[in-house]
Every structure is written in structure tokens, then in C-alpha cells.
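For reference, the structure is listed below as C-alpha cells.
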Amino acid sequence: MTRAWLLLVGLVIVWGSHWVVVKVGLETVPPFTYGVLRLLGGMAVLALLMGATGRLRRPPRGDWPIIVSYGLLAVGLGITMMNLALPYIPAGRSSILAYTIPLWVVPVMFVAARVLPTRAEVVGLVLGLIGLALLLNPAAIDWTTTGALLGSLLLVIGAFGGAVALVHVRRHPWKGTPFDTQIWQLLVALVPMLLLMLVLEREELGSIEWNLPTALAVLYSGPLATAFAFWASQMIVRALGPLTTGIGYLGAPLVGVIAGILVLGETLTLLDLAGVIVTGLGVVVVVLAGRARSQARPGGDDDEPTITEITLPDGTELPELAPRP
């Protein structure tokens, strides 16, 4: 149990500080190229881990739909929106916007599965939207600054795509486990990322300035923040359970805000602080409300999908705020 708590603390630090690391890396590496390098680094480490344990094999045919949807929406779209937005907006603000995934799961579940949100889920969604309004209003960010508003909206789009992917994950009849499909999800995300790199950034590839900070940033993003982090998240949720793990993940954007202030000298106004607190409160309310819904379901009937839990064939439950590479 102690090991799991230490892993959770380490994972929150890795994911939270990763926003600062990527922002530094993008100073010298174009966004799609950085995404390709990150995916390749993560795949290389996962291939070694899976090969050593005999798990590097073709996934069950029944899991390919979730591999494609999660790979494109949660991984590919998430990384793309992150890399395109970070050069224009602070790392701390970016981490908050990206972790609004649970807020968007509520309306996506209603549209896709006709699951009516509970009163608490509606309250959490409203709180989250108020927090976003505080973070995105003209008094908080300069809408006339090139890319400031667009970058924020891109991160919200990425979070919405992640929510759609998580709803599919929840409703998907799993044949294997997420860890066994992770490398294939990265491969699915790599294909369009590589094509975009070759089309849009081919002329920039030869002029990339490879220095120590850039190399360390790429190594941090791929092997550590992608491959190792996903393995660690699997170990944590099996030991601590989905609710504790899901709430624990919410520490990552807080670390992102603090890292942005300490490392990059980013500022946090009172309006920013209010937006961070209200948005975070909304996310916590949604996560807790969804968990309460699943516990109150009579007889554990699985006919009605819940928002915060994902059950695998081996009985393992994963948190709604599933890890995003």
C-alpha cells in the first residue's frame, strides 16, 4: 500500500510538471515532430516492458475499436492540442483546461447513452463551466494576443475528445486490459501525427536545435510521462481503487500550476486562482457524484453505464479520469 501511495505521488508530479517540460521542448522542436518523438519513445519502452513479460502480442480483435478510438481521440488529439496550445498559453493554465475531462463526460454520456445526470453531476458541471468562464474571460487572458484564446479552446477540444474516448472505454466489452492495448493505441496515434509532421514540418526538421534541455524534454515525455506513467497508473488503481486514484490524479494540474510559477515564472492572478479553484471543485463534484451513482445502483446492474468506473474482464475497476499519455 505504501508503494502505491508513493507511486501516486510520483505520478502526479510527473504528469503535472510534464506541462512545463513540454513547453520547454516546444521552444526548439515543432509540435508534430515533438509528438512523433514522444510517441516513439513511449512505444520503445512499452515494447521492452511487454516483451520482457511476454505480453507483446497482437491484441484481441474485439479490442481494436477501442484501440482506434482511444488512440485517435484521447492520445492523438490530446497530444496535438497540447502541443499546438502550449507555445501560446501558460503551462499551469493549460494543465487545468486539459483536466476538465470529467466535466465533458457528463453531457457526452447523456447524448451517447441517454444517461441522465444526477443533480450533483449537474452542479459539478455548472461549477466547472463557471470556472472555465473565469479562466477564459477577457479580464483573465488577452483575447487580442495571438493564439491565447485559440490555444485555450484547443485544450478544451482535446479534453472533450478525451471524454468521448472515455465513454467508449466505459461501454466497450473488454477482451484484454488497457496495458496490453496501450502500445497499439500509441501506434494508431503515431500514424496521423507522422503524416502531419512530414507534410507541415518537413522543411523544419533539419534546422532543429538539439541541445541538452530539448533532449531531456523528449526523454521525459516519451519513456517517463507516457510509458512509465501508464504502467504506474495500472499498479496504483489496483492497490488504491478507482475513486482514490481518480481524485489523486486531480493533483496533477495543481502541480502544473505550481511548476509553471516556479520554473517558468508564470503569474497567477486572483481571477486565475478563482477559476482554478472553481473548475477543480466542479471536477471533484462530478467524480464523487458519478461514484455515488455506481454504488447506489441496485444489485450492481451494469445495464446503466456510470460515469466514473470502468470494469475490466478480471474485475479490476479503473478511475473515470483515465490516464492520458
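The values are calculated or read from the model by the stated rules, or taken from the named source; none is laboratory data. None of the values given here were measured: they were computed from a predicted structure. All Cβ positions, even for glycine, are placed from backbone atoms using ideal geometry, and neighbour counts span all protein chains on display.
Listing for the model above:
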quantity: Within segment 199-243, tally of residues that are farther than 19 Å from Gly35 by Cβ, among the polar types (S, T, N, Q) and either at pLDDT 80 or above or over 17 Å from the mean Cα position of the chain (by Cα) (or both); calculated: 2
quantity: Flag for Val199 being β-branched (Val, Ile, Thr), in contact (Cβ under 8 Å) with a residue 24 or more places away in the chain and assigned to a helix (DSSP H, G or I); calculated: no
quantity: Test result for Leu72, closer than 18 Å to Gly275 by Cα and either among the charged types (D, E, K, R) or assigned to a helix (DSSP H, G or I) (or both); calculated: no
quantity: Answer from Leu136, Leu155, Leu125 - the residue that is surrounded by 14 or more Cβ atoms within 10 Å (Cβ to Cβ) and more than 24 Å from Gly246 (Cα to Cα); calculated: Leu136
quantity: Candidate set: segment 139-152, residues that are among the aliphatic types (A, V, I, L, M) and either within 15 Å of Gly275 (Cα to Cα) or touching a Lys or Arg at 6+ places or on another chain (Cβ under 7 Å) (or both); chosen: the one surrounded by the fewest Cβ atoms within 10 Å (Cβ to Cβ); calculated: Ala139
quantity: Lone qualifier among Arg61, Arg38, Arg57 - being among the charged types (D, E, K, R) and modelled with pLDDT of 95 or more; calculated: Arg38
quantity: Residues being part of a helix (DSSP H, G or I) and of a type in the set (Lys, Arg) - total across segment 142-193; calculated: 2
quantity: Residues being hydroxyl-bearing (Ser, Thr, Tyr) and surrounded by fewer than 23 Cβ atoms within 10 Å (Cβ to Cβ) - total across segment 40-96; calculated: 4
quantity: Any hit, segment 174-187, residues being modelled with pLDDT under 85, surrounded by fewer than 20 Cβ atoms within 10 Å (Cβ to Cβ), more than 29 Å from Val263 (Cα to Cα) and of a type in the set (Ser, Thr, Tyr); calculated: yes
quantity: Qualifying residue in segment 104-122 (condition: touching a residue at least 24 places away in the same chain (Cβ under 8 Å), small (Gly, Ala, Ser), part of a helix (DSSP H, G or I) and under 19 Å from Gly275 (Cα atoms)); calculated: no
quantity: Only one of Thr279, Thr267 that is surrounded by fewer than 14 Cβ atoms within 10 Å (Cβ to Cβ), farther than 18 Å from Gly35 by Cβ and of a type in the set (Ser, Thr, Tyr); calculated: Thr267
quantity: Tabulated pairs, segment 63-89, first touching a residue at least 24 places away in the same chain (Cβ under 8 Å) and among the hydroxyl-bearing types (Ser, Thr, Tyr), second surrounded by fewer than 24 Cβ atoms within 10 Å (Cβ to Cβ) and not in a helix (DSSP H, G or I), C-beta under 6 angstrom, 6+ apart or interchain; calculated: Tyr88/Gly147
quantity: Answer from Leu77, Leu97, Leu86, Leu72 - the residue that is at pLDDT 90 or above and under 14 Å from Val283 (Cβ atoms); calculated: Leu97
quantity: Cβ-Cβ under 6 Å pairs, at least 6 apart or on other chains, segment 143-168 side more than 26 Å from Pro65 (Cβ to Cβ), far side among the aromatic types (Phe, Trp, Tyr); calculated: Gly147/Tyr88; Ala148/Tyr88; Leu149/Trp143; Gly151/Tyr88
